[in-house]
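Everything below concerns the one structure shown next.
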Amino acid sequence: MSQILSANLSGFIPTEVSNEIIAGVTRGSAVMGLAKSISMTTPEKKFNVLAKGAGAYWVGEGQKIQTSANEYVQVKMVAKKIAVIIPVSNEALRDSTIDVFAEHKTQIAEAFAKKFDEAAIFGADSPYGVGESILEKIVEAGNEFTLGSVVGQAIGGDVSDLMALIEAEGYDVNAFAAPISFKNALRKAKDDAGNSLFRDITKDAPAELYGQTLGYVRNGAFDTTKSKMICGNFDYAFVGVLDDITYKIATEGSVGNINLFEQDMVAIRATMTIGFLVVKSEAFANLK
């Protein structure tokens, strides 16, 4: 039988509900949907990233074949805690932990997804450190292109020039990230023959631009004052999630303009631990 919430003022959210919340965060976060997922069982994870591939050589008759090996660099991803606080009625304490968190799982997942994307894309209130977000890495690499900066060029050409910044560094663009508000501009992106370069999302396939995946940032995390759209090779961005989501209950104090004691409410704080790392600054570009 499920535990009554009031019997435990802190602990782990039940596994079945925790898994649903994590799945909801993954669906709601544009970065999680595009970046490479790394399995994490501890808050720190070291892994190797390919820095240089093996070489090939011309071999003359009777000559010794040269050998070479892939070159790797070791990187470390550190997971950080993201918390969301949800005020609920005191009566909720009489319910089981499964019932309470099942009822609020969508709200919790949406809050986690928005907070993570804000940090991962723009570095907003980021626990990962200054300069570690995608946009900060882009600025470091100098890979920015201004929409409409080429006189007479349509948006399709601007996007192509944006991609060229990454291609000049030797990387292929494999995904874009943009807010819903940019869809109108993308619908007007055409090739020289007048064919659309943009395909919107369907029930069977994600949205695409120039044949590459376009992930919508639907959760309000995209800062349109800093970017219209970001593109890159997201094989060089990594994300890892620890399975357990913890909770803690507060019965006194204030949450925003809610006084818990006066309004006979409690606040449940849920905490999720997520790692994020960009390993190639030059593999990303920003459309300003």
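At-a-glance table
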{"read-out": "Any hit, the stretch 222-229, residues being in a strand (DSSP E or B) and in contact with a Phe, Trp or Tyr (Cβ under 8 Å, 6 or more places away or on another chain)", "value": "yes"}
{"read-out": "Near pairs, Cβ below 9 angstrom, 6+ apart or cross-chain, from the stretch 244-261 (closer than 19 Å to V100 by Cα) to any residue that is of a type outside the set (A, V, I, L, M, F, W, C) and part of a loop (DSSP other than H, G, I, E, B)", "value": "Y247/N8; I249/N8; L260/T251; L260/E252; L260/G253"}
{"read-out": "Subset of the stretch 97-127 (residues that are out of contact with any Leu (no Cβ under 7 Å at 6 or more places or on another chain) and in a loop (DSSP other than H, G, I, E, B))", "value": "A124, D125, S126, P127"}
{"read-out": "Lone unmet requirement of (1) farther than 22 Å from S149 by Cβ; (2) surrounded by 14 or more Cβ atoms within 10 Å (Cβ to Cβ); (3) of a type in the set (G, A, S) for G211", "value": "(2)"}
{"read-out": "Hits in the stretch 103-126 (condition: within 17 Å of K80 (Cα to Cα), surrounded by fewer than 17 Cβ atoms within 10 Å (Cβ to Cβ) and without any contact (Cβ under 8 Å) to a residue 24 or more places away in the chain)", "value": "D125"}
{"read-out": "Test: residue in the stretch 194-201 that is of a type outside the set (K, R) and within 30 Å of G129 (Cβ to Cβ)", "value": "no"}
{"read-out": "Pick from the stretch 70-102, criterion surrounded by 15 or more Cβ atoms within 10 Å (Cβ to Cβ) and of a type in the set (D, E, K, R), ranking: modelled with the lowest pLDDT", "value": "D95"}
{"read-out": "First in the stretch 209-225 and among the hydroxyl-bearing types (S, T, Y), second anywhere and buried (at least 21 other Cβ atoms within 10 Å of the Cβ), Cβ under 6 Å, 6 or more apart", "value": "T213/A175"}
{"read-out": "Some residue of the stretch 234-246 being among the charged types (D, E, K, R), surrounded by fewer than 18 Cβ atoms within 10 Å (Cβ to Cβ) and over 17 Å from I121 (Cβ atoms)", "value": "yes"}
{"read-out": "Answer residue from the stretch 245-288, given it is of a type in the set (S, T, Y) and not in a strand (DSSP E or B) and is nearest to D223 (Cα to Cα) among those", "value": "S281"}
{"read-out": "Residue in the stretch 217-233 that is farthest from the chain's Cα centre (by Cα), counting only those that are surrounded by fewer than 14 Cβ atoms within 10 Å (Cβ to Cβ) and over 28 Å from E20 (Cα atoms)", "value": "T225"}
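The rows are residues; the columns are (1) under 16 Å from the mean Cα position of the chain (by Cα); (2) small (G, A, S); (3) within 23 Å of I274 (Cα to Cα).
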position: K114; (1), (2), (3): yes, no, yes
position: D117; (1), (2), (3): yes, no, yes
position: S133; (1), (2), (3): yes, yes, yes
position: A141; (1), (2), (3): no, yes, no
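So that you can scan it fast, the table gives a plain yes or no per residue for (1) at pLDDT 85 or above; (2) surrounded by 14 or more Cβ atoms within 10 Å (Cβ to Cβ); (3) touching a His at 6+ places or on another chain (Cβ under 6 Å); (4) closer than 20 Å to T273 by Cβ:
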| site | (1), (2), (3), (4) |
| --- | --- |
| T26 | yes, yes, no, yes |
| G33 | yes, yes, no, yes |
| T42 | yes, no, no, yes |
| A54 | no, no, no, no |
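The values are calculated or read from the model by the stated rules, or taken from the named source; none is laboratory data. Bear in mind the structure is a predicted one, so any value in this text is a computation, not a measurement. Because the Cβ atoms are built from the backbone with ideal geometry, glycine has one as well, and the counts that use them run over all protein chains shown.
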